[in-house]
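> The following block contains the structure, expressed as structure tokens.
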Amino acid sequence: MENDNLSLSLSLSVSRCLSLSVSVPVDVSAALPMQVPPSGLPMELRLDQPFGLALRPDDPGQRGQVPGQREQQLQQELLALKHKQQVQRQVLIAEFQRQHEQLSRQHEAQLQEHVKVNVVLMLFQHQQDLLALKHQQELLEHQRKMERHRHEQEMEKQQREQKLLLLKNKERGQESAVASTEVKMRLQEFVLNKKKALAQRSLNHCMSTDPRYWKTQHSSLDQSSPPQTGMSTYNHTILGMYDPKDDFPLRKTASEPNLKLRSRLKQKVTERRSSPLLRRKEGPITTAKKRSLDMAGKLLAYNSHPEMHVQAHCLCTSAVVQQVIILFTVVSVFPCVSGLGGMALQSPSIHKLRGQHRPLGRTQSAPLPQNAQALQQLVVQQQHQQFLEKHKQQFQQQQLHINKVCVYQALTTPAVEPAATTQPHIGLVYDTLMQKHQCMCGNTNTHPEHAGRIQSIWSRLQETGLRTKCECIRGRKATLEELQTVHSEAHVLLYGTNPLRQKLDSKLHIINLFVDSDTIWNEVHSSSAARLAVGSVLELVFKVTSGELKNGFAVVRPPGHHAEESTPMGFCYFNSVAIAAKLLQQRLNVSKILIVDWDVHHGNGTQQAFYSDPNVLYLSLHRYDDGNFFPGSGAPDEVGAGAGLGFNVNMAFTGGLDPPMGDAEYLAAFRTVVMPIANQFAPDVVLVSSGFDAVEGHASPLGGYRLTAKCFGYLTRQLMGLAGGRLVLALEGGHDLTAICDASEACVSALLGIELDPIPGEVMQQRPNSNAVRSLEKVLEAHGEYWPCLQRGASTLGYSLSEACRCETEEAETVTAMASLSVANKQRRVYGLK
């Protein structure tokens, strides 16, 4: 209440003062206070207690003052109050502006963050749409290919059916120029069935009582006897005993007695030729037909040798194929005929085959009568049975050979050399799926490890004809268990499976995962390509180690020798060569494995995998420059740990590019370090991390050295002398297309045994530079205690290749001379000479 009263009194005073100020002007400048009280102190506004010049009403000194002075005092107090309010207002406005600016900045930052998130989400959504569209296009393309393939198959099926209908509906007087596939398969199946039945039953039955043999054993049968050409279509089920009363096939001839005297045979043959019922179209035998008949005759004459059957594939025309099949049927059904001095070959009916001859069907006839002629013939058959028994053993041997040779192979497969003369082939492995591992931008300048690398190498091998000289094997995806032999489970699950399906890491769901500045990750294809690269190397390594292939070259990507247990780097995700070595130890119990890494960058991942393993010797030739070149590892004093001391050899070149290393330096390293250690180690198999980024043409960040492509052919030829030639090269680095294509061609040529161009004379005469010699000395210093063989070449580190060869020749001659002197002295002592 006191405050309300004070406010009311103050308002009344103010209004009164304003009214007075309008009527009477008052000069208040002299009465203003010289100092405004601070804003923090409470202001006294009561009229009875003014501050400064205000006096109390009961003051005796003020009682005599006029009322105008009191009004002047109130006006002064009012002005002071206004001034104070104005100051406070300015302070409040300044504070408001400051807080407003702060809130504006915060709001702007939040808007920018929100816009950034929206942009990232839009990019992600756009990328997902692109991937979905690309996947849909691939599915549509696959469906179109399947549809075209299905349509082509239907068309081929319709064409085959039409041809079959034409063959079925053709007139009997027409000849078929080429037998259809169905006819050939039916004939071959018929021959095989006859051979199987013959093999099962021929040894348990007697063949002399079969009426089909009467025409072969005796010539007394007339035209009603079974046909002598063997062309009858009568279906003889098995070879065995027959009852004489059984019916058997007869020619379709005039009804006459079945048996005639032997003396009338010639006459009846003449009459039969003139019979209108058996008249044929006579015509000259063409040269082609005569040649085919001669070849068929040769096949019959040599039917006891299975290897001669393979010559039957040379008979191409339909008539010849039918004749050969029938001839094989005759030989199979009558195996004893070949034991009678080739009677089947001498049969006149074989030489009288005609192109339009058609086999006749069986006719009806009564059982043969048992007259005197039949009894006489039975006696002759019994005599002949003794002859057959005499040759029974020979027939059994022939049958064993026949069972081993299939007539189908004789008609369809070409002759091959014996297995003893075949040599293992050179293996190549490549798959176009590995080309799909690439960045979405498609810029090969930004990403030097691109799909064109392996595509260019494969095209070069095709253009030069080297691919046709090798055996191309099919790659496969490595299993997750195989990948975990070197890498951790988390690493395998992260990079070996599809992140769009597994959703293992939230980082992978926004944009492409960049492992480092160069190593990119494609969500759709990278995992499949990386696993396919490992599986392809595994297939090739196991085939070479098991002896199926002699050696091989794997055209794969992405590379692998930088990949560590849980870290991808340098374009690498899975260490293909290290995984292959681990699985060779586990599955094939390979005791000694040599890994040579001639990529210009050190294989830190491979070194990590076998740093303490004495059964794997890791030899790396790389640019080191005191650790200033990627990846910074691979010092000469990194020699292994524990049981693996001495089995990690780093031929680390130091000295930069002044001058750069070349052929002379690498050949010197192989001569003094690599080959002596490798020969002493005596590996069972050699694996090469074959990077070609040391070839001239690579800039300093990716290489900088000046080796020629042919030098890698010389190095490959030297490694082929180890482990019985079991050598596998797996592509690692190398980004200049011309350089890697030339180097790959040189290596594959060396693997094939093609004679290489001789080493140029200037390279033979060139000594390694001083930086290379110092690098070699550091290696010998670090590994001299583990490999005594290094001491032999310590004195020739600075020699050229020609000088080293000359020195080795002189040493060999000296050793030979000393050996001859020691032998001579021993002989003198034996014989008592001085």
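The values are calculated or read from the model by the stated rules, or taken from the named source; none is laboratory data. Everything numeric in this text was worked out from a predicted model, so none of it was measured. When we count neighbours, we look across all protein chains shown, and the Cβ atoms used for this are built from the backbone with ideal geometry, even at glycine.
> Ile759: surrounded by fewer than 22 Cβ atoms within 10 Å (Cβ to Cβ) and out of contact with any strand residue (DSSP E or B) (no Cβ under 6 Å at 6 or more places or on another chain), yes or no?
Here the answer is yes, as Ile759 does meet what is asked.
> Continuing with this model, one more query. Would you call Tyr573 hydroxyl-bearing (Ser, Thr, Tyr) and modelled with pLDDT of 95 or more?
Against the criterion (hydroxyl-bearing (Ser, Thr, Tyr) and modelled with pLDDT of 95 or more), Tyr573 does not qualify.
> Moving on to the next point. Given the conditions (1) touching a residue at least 40 places away in the same chain (Cβ under 8 Å); (2) of a type in the set (A, V, I, L, M, F, W, C); (3) in contact with a strand residue (DSSP E or B) (Cβ under 7 Å, 6 or more places away or on another chain), which single one is not true for Ala709?
Checking Ala709 against (1) touching a residue at least 40 places away in the same chain (Cβ under 8 Å); (2) of a type in the set (A, V, I, L, M, F, W, C); (3) in contact with a strand residue (DSSP E or B) (Cβ under 7 Å, 6 or more places away or on another chain), the one that fails is (1).
> Further question: Considering each of Ser795, Ser749 in turn, give the residue that is modelled with pLDDT of 95 or more and assigned to a helix (DSSP H, G or I).
Ser749
> Tell me, yes or no, whether the range 548-556 has at least one residue that is modelled with pLDDT of 95 or more, touching a Phe, Trp or Tyr at 6+ places or on another chain (Cβ under 7 Å) and closer than 30 Å to Leu657 by Cα.
yes
> Considering the range 656-691 alone, what residues qualify as being over 21 Å from Ala581 (Cβ atoms), part of a loop (DSSP other than H, G, I, E, B) and not small (Gly, Ala, Ser)?
Result: Leu657, Asp658, Pro659, Pro660, Met661.
> If Met720 satisfies all but one of (1) modelled with pLDDT under 95; (2) more than 19 Å from Met764 (Cα to Cα), what's the number of the condition it fails?
For Met720, the exception is condition (1).
> In the range 626-647, which residues are free of Cβ contacts under 8 Å to residues at least 40 places away in the same chain and either assigned to a helix (DSSP H, G or I) or acidic (Asp, Glu) (or both)?
Asp626, Gly627, Glu638, Gly642, Ala643, Gly644
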